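This report refers to the structure that appears directly beneath it.
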Amino acid sequence: MLNLVVLIQRLFNIYEVLIVVWCLMSWIPMRGGGLLDDIRGAIGILVEPYLGLFRRFIPPLGGVDFSPVVAILALGIIERLVFSLIL
């Protein structure tokens, strides 16, 4: 049981890191191919559907997208709810 809890916790943490990495990589201009663009595309495939849920309700303010911040906070709340149900 403890191994399952640790696994779930690590998966949540990895997903949070992927969101942060994707946000940081979005500041780097695309060059039309290459390894960095492939990595950004792969991470985007993983995080865009989740971030899209929040982008529907949170418009960019002053050209800054705050949906990743809210998405990470929501992920933390979901993680706490899952652990309260497991333990």
Of every hundred units of 1.4 Å-probe accessible area on the chain, the number belonging to carbon and sulfur atoms, as a percent, is 74 percent
Descending accessible area (1.4 Å probe), largest on the left, turns S67, S84 into S84, S67
Projected area averaged over all directions for the convex hull of the alpha carbon atoms of the chain, nm², comes out at 6.8 nm²
Lys and Arg at +1, Asp and Glu at -1: neighbours of G44 with Cβ under 15 Å from its Cβ sum to -2
Reduced to Cα centres, the span from region 2-48 to region 52-72 in Å works out to 17 Å
Longest the chain segment clear of trypsin sites (Lys or Arg not before Pro) sitting in DSSP loops (not H, G, I, E or B) with at most 16 other Cβ atoms within 10 Å runs 57-87
Relative contact order in percent for the chain (Cα pairs under 8 Å, 6+ apart) equals 34 percent
Computed, not fitted: 222 nm per-residue ellipticity of the chain from DSSP H runs ≥ 4 (each -39500 (n - 2.57)), nearest 500, equal to -26000 deg cm²/dmol
For the chain, the per residue accessible area (1.4 Å probe, Å²) is 72 Å²
Two pseudo-spin positions, 7 Å from Cα along C-beta at W27 and at L7, lie apart in nanometres by 3.6 nm
Non-local residues with an amide H under 5 Å from the amide H of F66, with H modelled 1.01 Å from N and Pro and chain starts lacking one, are L61
Measuring from its Cα centre, the chain shows a charge dipole (+1 at each Lys and Arg Cβ, -1 at each Asp and Glu Cβ) which, in debye to the nearest 20, is 100 debye
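The values are calculated or read from the model by the stated rules, or taken from the named source; none is laboratory data. All figures in this text were calculated on a predicted structure; none of them were measured in a lab. Neighbour counts run over all protein chains shown; Cβ positions are idealised from the backbone, glycine included. Accessible surface is based on the protein model in full, side chains and every heavy atom, while ligands, DNA and RNA are left aside. Shrake-Rupley method; radii C 1.70, N 1.55, O 1.52, S 1.80 Å.
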